[in-house]
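To keep things clear, I will list the structure first and then write my remarks on it.
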Amino acid sequence: MTIYPVNQCGYPMITLSTEQAVKSLNTSEETLKLLREFGCLKGMRLGKKFSYSIIEIEEFLNLYRGCDMSNRYTIAAAVKERGLPSGNRKAQR
């Protein structure tokens, strides 16, 4: 069972801001940008900022569990080995 974080009003959050996603994944904004560019995570652009679905973050974590996703080369190797998350049509590099 997934427990979603709640916002200031007590409603469940279904998306995370870039800052929240970086903190949740314990990574940097640059790595998050690479994950988005390679198609590992799909971000929604809302105005000037990106937002990330909690469900897609969970799929990402399950698919790439145990993989090194710390830089461009290891991300490319993981995508080649495991593919992209379901529903992501972005061409593999």
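A short reminder: the numbers here are calculations on the coordinates, not readings from a lab. The model shown is predicted, which means the values in this text are computed figures rather than measured ones.
Given axes a ≥ b ≥ c from the Cα gyration tensor, I'd like to know whether the range 1-82 is rounded (a/c under 1.5), prolate (a/b larger than b/c) or oblate.
Details: a/c = 2.28, a/b = 1.60, b/c = 1.43.
Prolate, because a/c is 1.5 or more and a/b exceeds b/c.
Here the 3J(HN,Hα) profile of the range 19-35, calculated from phi with Karplus coefficients 6.51, -1.76 and 1.60 at θ = phi - 60°, is 4, 5, 5, 4, 5, 5, 8, 6, 9, 9, 5, 5, 5, 4, 4, 4, 4 Hz, Gly and Pro shown as x.
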